[in-house]
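Take a look at the structure set out below.
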Amino acid sequence: MRPLFLASALALGLAPAVQAAGGGEEKAPTKPKCKAGEVYDKKSKSCVVAREGALDTEGFYQNVRQLSHAGRYAEAQEILALMPQEDDRTLTYLGFTNRKLGRDGVAMDYYARALALNPDNILARSYLGQGLVERGEIKGALAQLRAIRAAGGQGTWAEASLRQAIATGRTYSY
């Protein structure tokens, strides 16, 4: 399978551009500060019980990113359940966590819903593309890479991580 990825990358001129996925604007989140069932509240600088209204959507989102980055996908899903369910970022991370938990079909449905709400959601496109790479669907992954670039996402983590996944066949856990 790797020769196919490398051949695709070389044919498209991607190989020289492949860098560490950290290339781009988005920094990796800090490690989660709280135990299961809690979220970090920046205002009080403490862990609070994860419940509806404990944080604003942005605060919940940052906790979801931290948990996902740490591989604590089931815990991230508990926080996602407290967030607006028709928000494209919520749907993106529902897709990501489901994919990482082995529920590929469910994940693809969430990515599609996220993109229906916000076609320029480059993170959803990157995670969708990485899922397609895992399936061996390189043409579909390349279409997502082109859409990221068309949306102004060149040089971002979303673009770099998908570009690298296409070139190497390895996807990211965050």
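The values are calculated or read from the model by the stated rules, or taken from the named source; none is laboratory data. Everything numeric here is computed off the predicted structure, so don't read it as measured data. Cβ: placed from backbone, ideal geometry, glycine included. Neighbour counts: every protein chain shown. Keep in mind that these areas ignore ligands, DNA and RNA; they rest on the heavy atoms of the full protein, side chains included. Shrake-Rupley method; radii C 1.70, N 1.55, O 1.52, S 1.80 Å.
Restricting the GluC sites (Glu not before Pro) of region 33-130 to loop positions (DSSP other than H, G, I, E, B) with no more than 11 neighbouring Cβ atoms within 10 Å leaves E52, E86.
Accessible area per residue for region 134-174, computed on protein heavy atoms with a 1.4 Å probe, is 42 Å². Rounded to whole Å, the principal axis extents of the Cα atoms in the chain read 52, 28, 27, largest first. Surface composition of region 36-119: carbon plus sulfur atoms contribute 51% of the solvent-accessible area (1.4 Å probe, protein chains only, all chains present).
Each of G140, Q164, L55 was scored by the projection of its Cα onto the charge dipole of the chain, and the greatest displacement toward the positive side belongs to Q164; charges sit on the C-beta of Lys, Arg, Asp and Glu. Computed about the Cα centre, the dipole magnitude for the chain is approximately 560 debye when only Lys and Arg (+1) and Asp and Glu (-1) carry charge, each at its Cβ.
Of the listed residues V106, V64, the order by accessible area with a 1.4 Å probe, largest first, is V106, V64.
Simple spin-label estimate for A150 and A116 gives 2.0 nm between the two label positions (7 Å along the Cα-to-Cβ direction from each Cα). Mind checking region 72-174 for trypsin sites (Lys or Arg not before Pro) that DSSP puts in a loop (not H, G, I, E or B) and that have at most 16 other Cβ atoms within 10 Å? For trypsin sites (Lys or Arg not before Pro) across region 72-174 that sit outside H, G, I, E and B with at most 16 neighbouring Cβ atoms in 10 Å, the list reads R103, R170.
Report the extension gain between D104 and Y172 in nm, rounded to one decimal, defined as 0.36 nm multiplied by the number of residues separating them, less their alpha carbon distance.
So the chain would gain 23.0 nm between D104 and Y172.
How many lysine pairs in the chain, separated by 8 or more positions in sequence or lying on different chains, have Cα atoms less than 16 Å apart?
Taking the Cα cut-off of 16 Å, the pair count is 6.
Label sites at A28 and A54, each approximated as a point 7 angstrom past Cα along Cα to Cβ, lie 2.5 nm apart.
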